[in-house]
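Visitor: Before I ask anything, here is the structure I am working with.
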Amino acid sequence: MTRRPAPVPASTYRLQLTADFTLHDAAALVPYLRDLGVDWVYLSPVLAAEPGSTHGYDVVDPTRIDEARGGRDGLEALSTAAHDAGMGVLVDIVPNHMGIATPHANPYWWDVLMYGEASRFAHWFDIDWAAGADDTPPYRPADGWVPAASGKVVQAVLGTPDDLEKLEFRTHEGNRVLAYYDHVFPLAPGSTHEGMSPQEAHAVQNYRLVHWKEEDRSLNYRRFFSIKTLAGVRVEDPRVFEETHTEVLAWFREGLVDGLRIDHIDGLAHPRDYLARLARRTGGYIVAEKILSIGARGERESVPESWLRVGASGTTGYEIVPFIDGALADRTGFFAFEALRQHLVAGGELTEDGDLAGADLAESARHLTRHPTSVTGLFHQIEQSAKTHFAFGPLSGEMLRLAREIKQIGWAHVDAHTREVIGEDPLAGVDEDHLADVFGTICASLPVYRVYAPGPTDRLHALSLLGDQPRTGATGTREVISTDTGPIDISPTEPLSHDGRIVLRAIAHVRSTARSSIVSDRALAYLGAVLTTPGHPVFRRFTQTTGAVTAKGVEDTAFYRYAALTALAEVGGRPAEPLAPAALAQEFERRATGTSFTLNSLTTHDTKRSEDTRARILALAEVPRAFTAFLARVRSAVPIRYVPEAPDVEVSGARALGRNESLERARGAITADASFDILLWQAVVGAWPASPERLRDYALKAARENGLHTTWTEQNTEFEESLVRAVDAVSTDPELRGHLEELDARIREAGVSNGLVAKALHLLAPGVPDVYQGTEFTDRSLVDPDNRRPVDWVARKAALAEVSCGIGDPQHGVGGASADASNGEVPDPATDPDRAKLRLVTRLLHLRAEHRDVFVPEDRYLAPVPEPVGAHGSAWEHCVSFLFGGTVLLIGTRLPIGLTARGGWQDTVVVVPPGSLRELDEEAHLARVLAETDPLADPLTDSLVGDGYSTDSFSPEQFLGPSGSVDNPAASGARGAEPVDEDPDVRWRDVLTGREYRGTRLHLRELLSDLPVAVLERID
């Protein structure tokens, strides 16, 4: 009998649908996922995509399901199978853009190319028609098409500027078309006549074909980031919403789908309004892909409060990754790698035993540990340079559009008060290209992906910059300036909002750059007023643009240009310094009190490295000299031939005047890229063992994203060949392979330990854990498409049958028997990491389902805050422990190599305060919860600060250890401190081993004798 799922999933399992793994295949997998403990199936995009698409984000028709992925029948089959098993269905949708790489595959774009502005689908796409105009207007019949043409759509496809000569007429699907090699384009009906050449026909079409190198500046449609084959959709238009969501809304009317994941929410003009409309029309569980930035001091941006109020449940959970990985990172090891990077960048060498020639690695690391801001400052420079590159390069067309719009409509859309204060449009005489540079500087200076809701009086703060003494935003200040019409009061009535502060700081940054000579203070005040007025169309366009600059500049570039401990270089992460374990407790509290129904991710299709690859790289931080020695050997044996460094000084005509030997030497010098070397070889070690093909593909993608030595559009063959030779050598050269396997042996067990502990934290954290396909086994994937490789389901089904002993048995509860049916023993992580991880995943997924009131209660406001539990004894700093809902205790190992070196856990214990334990009697527990709940408190208001950063409620002192280090994961007690009173009557069962324990004072040498993590469930 079909059972409707709970409105919020206890867990999800992400499946990547392709032509080789369809919706029908997913339906057949449902019994396995049910036995694994999964609550909802979570699908990658299912709507019709570009032919051959392996990911589905290039949707060409939102009104039908992709036949290659199983079609409508496939979704119905999956939905039936999932609902019959009591499971929900969550589907990824892509409202921001559509795929146009193959125009004839997208009937809506094809119609736009054919009819231009007269197309019945022209309003779907975000096109600046006038910007595409040229000397020849598009063809219009004698009776005209409405509306008349003002321009054309620019398509950057030509291989050379002169390739229009290669256009030809061809027949496609029975119609005459214009063809350029494999590209075909429609001809407007009636636009051609006998004797007309292809070039003449092209001149009168509703599109204009240009050289591909012109795409950065010439394309006149909004793109997804800088990808010209993905065209922005105007989903903010109610008509477009209805027309593009007919199929999606039908899923809910027909009961096929229960929730939606919204891709790239920051690309939409009005994210809150879109979420509100979607929530109202579907009533489903909704999460949005949103990257929440982490500031220099570790403060995290919050989910916009307005999204939660209109019905969204949170984000896709990228932001939890840096907190989990940071809690397991060796801070000293990180700074050792940063010392290594700085040493090599400065031209230093390495000794054979892994030390820095002429310097001491440990001492250099200690120095940087005392001065961490020097490292974050360096990364900020790299980040800023990369963001500026995209704002002034691949995304310069977006900056030009901002410049055009503010010059054309900006002044007409500001309020009368602003016009009176400013006097007259201060940008009227500013060149568009120069103004685009100003916008580029502002966009590149934002510390977040976008802003959403500046305050109603933020523009008054911007205008106050015209006064002699600019105000800081304190309530009650007054500012009066003189104008031709008399004095005007521009006093802000409220302090600057969070978003307003971000915008005005970015505008102020213009003053410190060369762009300050382009615009006056009056112009900057005007820009400030426009960009803090949510209703202004230029503000809307600005907010849609900034996310692309940040995403391309940070994750897709800076993360490939800076490398110390690369496990930290993850989407939404902070690669320049690991977050302390205390920050994890703070993040857990934020999630429990603000977004307790949000998704939590550890691996996704967007992660640069999978969870187990990162876990191995984190282990490297415990043995920095071992990695440095390996790096020295591999750099010596197979040096990568980087691009010759350009000389600092170029002399025009130097060769004509005679040979300049110093310039020749500078021009020919080959300099290594220390950061790229570290990034590459940490990836190799993290993914090992990996096939040469996988390593080769990763190396080339990483190098092209890095963009300093080769790019996607202009490959440096010499460099790329040397790169391929280097990564191939670790597989083919016996000596190098021996060095790699020696390093692998040093970190193998620690990598497994880190992976299991990270997975346990992920599965029990406040929110809804998403298990990415296949990661119930050890998965050492790298960046996509490596992380979308086919999954061996047969092996996983067979292993699950072995480790599932006791699950669901009422006599044993979730933990079940203490041994597997297969061999009578708990899987040994050292020799059988796959089964050890599978056991952990399935036991904890079933645990969540059994304790929904702890992990996903009926009301988000009832979610309990996980409580950090104190560790005491000689190895306290190696323990991370949390009590969930007073009934589930997680105890995990951090820095396992260091723990072994100090002789193990010895006398270390965790002590659970008896007052933190939950009553096992449900009525008593409910009475206590209601008594402690303030009906007047608003959890959203308390936990979120506007639409910006949240406030940390844990004091750093609460986590300080005996040395003052914030690396202590415990919440109480320094080493050797007396524990609180013990309750010997409390009984626990470890759900991973089945063993039972008594008391609230638990010895880690017993709990963690078989596994690096224990999850104890309260029992009667």
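The values are calculated or read from the model by the stated rules, or taken from the named source; none is laboratory data. Predicted model, so just to flag it, every value in this text is computed and none were measured. Note: ideal-geometry Cβ built from the backbone for every residue, glycine included; neighbour counts use all protein chains shown.
Visitor: Among Ala327, Ala339, which is without any contact (Cβ under 8 Å) to a residue 40 or more places away in the chain and either in a helix (DSSP H, G or I) or crowded, with 21+ Cβ neighbours inside 10 Å (or both)?
Guide: That would be Ala339, the only listed residue that is without any contact (Cβ under 8 Å) to a residue 40 or more places away in the chain and either in a helix (DSSP H, G or I) or crowded, with 21+ Cβ neighbours inside 10 Å (or both).
Visitor: For segment 404-419, enumerate the residues that are of a type in the set (Lys, Arg) and either more than 15 Å from Phe542 (Cα to Cα) or outside the structural domain of Leu527 (by TED's automatic domain parsing) (or both).
Guide: The one that is of a type in the set (Lys, Arg) and either more than 15 Å from Phe542 (Cα to Cα) or outside the structural domain of Leu527 (by TED's automatic domain parsing) (or both): Arg419.
Visitor: Here are Asp832, Asp859: which of them is of a type in the set (Asp, Glu) and closer than 17 Å to Leu756 by Cβ?
Guide: Result: Asp832 is the single residue among Asp832, Asp859 that is of a type in the set (Asp, Glu) and closer than 17 Å to Leu756 by Cβ.
Visitor: When segment 91-123 is examined, which residues are found to be closer than 15 Å to Asp66 by Cα and not acidic (Asp, Glu)?
Guide: Val91, Ile93, Val94, Met98, Gly99, Ala105, Asn106, Pro107, listed by residue number.
Visitor: Of all residues in segment 177-230, which are among the β-branched types (Val, Ile, Thr) and outside any strand (DSSP E or B)? Steps first, answer last, please.
Guide: Looking only at segment 177-230, we keep the residues that are among the β-branched types (Val, Ile, Thr), and these are 177, 184, 192, 204, 210, 227, 229.
If the condition is that a residue be among the β-branched types (Val, Ile, Thr) and outside any strand (DSSP E or B), then Thr192, Val204 are the ones that fit.
Visitor: Just to be sure before I move on: is Val8 in a loop (DSSP other than H, G, I, E, B), within 27 Å of Phe855 (Cα to Cα) and touching a helix residue (DSSP H, G or I) at 6+ places or on another chain (Cβ under 7 Å) in the structure I sent? Talk me through it step by step, then tell me what you get.
Guide: Values: in a loop (DSSP other than H, G, I, E, B): yes; within 27 Å of Phe855 (Cα to Cα): yes; touching a helix residue (DSSP H, G or I) at 6+ places or on another chain (Cβ under 7 Å): no.
So Val8 does not fit the description; no.
Visitor: Can you name every residue in segment 733-787 that is hydroxyl-bearing (Ser, Thr, Tyr) and part of a loop (DSSP other than H, G, I, E, B)?
Guide: Thr775, Thr778, Ser781
Visitor: Now, a different point. When you scan segment 379-392, do you find a residue that is under 30 Å from Asp128 (Cβ atoms), acidic (Asp, Glu) and modelled with pLDDT of 90 or more, even just one?
Guide: yes
Visitor: While we're looking at this one, here's another question. Only residues in segment 211-227 that are touching a residue at least 40 places away in the same chain (Cβ under 8 Å) count as the first member; pair them with residues that are of a type in the set (D, E, K, R) and assigned to a strand (DSSP E or B), Cβ under 8 angstrom, at least 6 apart or cross-chain, and list the lot.
Guide: As it stands, the answer is Glu215/Lys228; Leu219/Lys228, since those pairs meet every condition given.
Visitor: For Leu844, work out the one condition from (1) within 17 Å of Leu800 (Cβ to Cβ); (2) modelled with pLDDT under 95 it doesn't fulfil.
Guide: Looking at each condition in turn, Leu844 falls short on (2).
Visitor: Considering every residue within segment 305-317, establish whether at least one is aliphatic (A, V, I, L, M), in contact with a Gly (Cβ under 9 Å, 6 or more places away or on another chain), in a helix (DSSP H, G or I) and in contact (Cβ under 8 Å) with a residue 40 or more places away in the chain.
Guide: So far as segment 305-317 goes, yes, one or more of its residues are aliphatic (A, V, I, L, M), in contact with a Gly (Cβ under 9 Å, 6 or more places away or on another chain), in a helix (DSSP H, G or I) and in contact (Cβ under 8 Å) with a residue 40 or more places away in the chain.
Visitor: Right, another one. If I ask for residues that are crowded, with 21+ Cβ neighbours inside 10 Å and either outside the structural domain of Ala149 (by TED's automatic domain parsing) or in contact with a His (Cβ under 9 Å, 6 or more places away or on another chain) (or both), which ones from segment 213-231 would you list?
Guide: Passing the criteria: Arg222, Arg223, Phe224, Leu230, Ala231.
Visitor: Mind telling me which of the residues Val184, Val204, Val210, Val240 ends up being of a type outside the set (Lys, Arg), closer than 17 Å to Asn106 by Cβ and either over 35 Å from the mean Cα position of the chain (by Cα) or not assigned by TED's automatic domain parsing to the domain that holds Ala77 (or both)?
Guide: Val184
Visitor: Ok, one more. Restricting to segment 517-561, what's the tally of residues that are part of a loop (DSSP other than H, G, I, E, B) and touching a helix residue (DSSP H, G or I) at 6+ places or on another chain (Cβ under 6 Å)?
Guide: Initially, segment 517-561 is screened for residues part of a loop (DSSP other than H, G, I, E, B), giving 518-520, 531-536.
Then keep just the ones that are touching a helix residue (DSSP H, G or I) at 6+ places or on another chain (Cβ under 6 Å); that gives 518-519, 531-533, 536.
Residues meeting the conditions: 6.
Visitor: Considering each residue of segment 562-586, count those that are part of a helix (DSSP H, G or I) and more than 17 Å from the chain's Cα centre (by Cα), and give that number. Walk me through it before giving the result.
Guide: Restricting attention to segment 562-586, the residues satisfying the condition of being part of a helix (DSSP H, G or I) are 566-568, 581-586.
Remaining after also requiring more than 17 Å from the chain's Cα centre (by Cα): 581-586.
Qualifying residue count for the region: 6.
Visitor: A further question follows. Do the conditions hold for Leu260, that is, is it without any contact (Cβ under 8 Å) to a residue 40 or more places away in the chain, outside any loop (DSSP other than H, G, I, E, B) and over 30 Å from Arg140 (Cβ atoms)?
Guide: Answer is no for this residue.
Visitor: If you don't mind, there's one more thing I want to ask. Within segment 722-757, how many residues are exposed (fewer than 15 other Cβ atoms within 10 Å of the Cβ) and within 31 Å of the chain's Cα centre (by Cα)?
Guide: 0
Visitor: How many of the residues in segment 622-646 are of a type in the set (Val, Ile, Thr), touching a strand residue (DSSP E or B) at 6+ places or on another chain (Cβ under 9 Å) and either modelled with pLDDT of 95 or more or part of a helix (DSSP H, G or I) (or both)? Lay out the reasoning, then the answer.
Guide: Keep residues of segment 622-646 that are of a type in the set (Val, Ile, Thr), which gives 623, 628, 634, 638, 640, 643.
From what is left, the residues that are touching a strand residue (DSSP E or B) at 6+ places or on another chain (Cβ under 9 Å) are 628, 643.
Applying the additional criterion that residues be either modelled with pLDDT of 95 or more or part of a helix (DSSP H, G or I) (or both) yields 628.
Result for segment 622-646: 1.
Visitor: Quick one: which of Arg120, Arg140 is surrounded by 14 or more Cβ atoms within 10 Å (Cβ to Cβ), more than 22 Å from Leu400 (Cα to Cα), outside the structural domain of Leu47 (by TED's automatic domain parsing) and of a type in the set (D, E, K, R)?
Guide: Being surrounded by 14 or more Cβ atoms within 10 Å (Cβ to Cβ), more than 22 Å from Leu400 (Cα to Cα), outside the structural domain of Leu47 (by TED's automatic domain parsing) and of a type in the set (D, E, K, R) holds for just one of Arg120, Arg140, which is Arg140.
Visitor: Exactly one condition in (1) surrounded by fewer than 18 Cβ atoms within 10 Å (Cβ to Cβ); (2) not in a helix (DSSP H, G or I); (3) not small (Gly, Ala, Ser) is not met by His709; state its number.
Guide: (1)
Visitor: Moving to a separate point now. Can you pull out every residue in segment 59-91 that is buried (at least 24 other Cβ atoms within 10 Å of the Cβ) and either in contact with a Cys (Cβ under 9 Å, 6 or more places away or on another chain) or of a type in the set (D, E, K, R) (or both)?
Guide: Asp66, Arg69
Visitor: Now for a different question. Within segment 587-602, can you find the residues that are assigned to a helix (DSSP H, G or I) and either of a type in the set (Gly, Ala, Ser) or without any contact (Cβ under 8 Å) to a residue 40 or more places away in the chain (or both)?
Guide: Hits for segment 587-602 are Ala592, Gly594.
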